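Coordinate-derived values only; no laboratory data. As the structure is a computational prediction, the values presented were derived from the model and not from experiment. Cβ atoms come from the backbone with ideal geometry, glycine included; neighbour counts cover every protein chain shown.
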Amino acid sequence: MFVNFLDYKLKAKDGQLVKLGRFFPSSKTCSCCGHLVDELTLNVREWDCPKCGKRHDRDGNAALNIRNEGIRILSNDGGNPVVAVPRRSKTNKPRMWKGICQ
Ligand SMILES: [Zn+2]
């Protein structure tokens, strides 16, 4: 029901719903460097990437990965990724979130 409502609202705004695969590892992928950790149990709410050292909030990291994957899919399929991005760059092209990797 939520997906139907979201699809309806997006179409009303000339948007497009993008569904990701059920097993897309949004939580286990570092949004900074792309490293995929082997396991992340549900009780772990924050984690440190073993590759780049970035500390992640589990849900915030997952949201960034989902956003980036949606933009990637729309870009590859010739969709309109601009509607998936709340803020636009100076060139009006969607920007991938690179994370704050230091
Ligand atoms: Zn990382």
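Report the extension gain between Phe24 and Leu10 in nm, rounded to one decimal, defined as 0.36 nm multiplied by the number of residues separating them, less their alpha carbon distance.
2.8 nm
Between Thr41 and Met1, the C-beta separation translates, for a Förster distance of 22 Å, into a calculated FRET efficiency of about 0.15. Take the Cα pairs of segment 1-57, get the Kirkwood Rh, then feed it into Stokes-Einstein at 10 °C and 1.306 mPa s and tell me D in µm²/s. D, rounded to a whole number, is 116 µm²/s.
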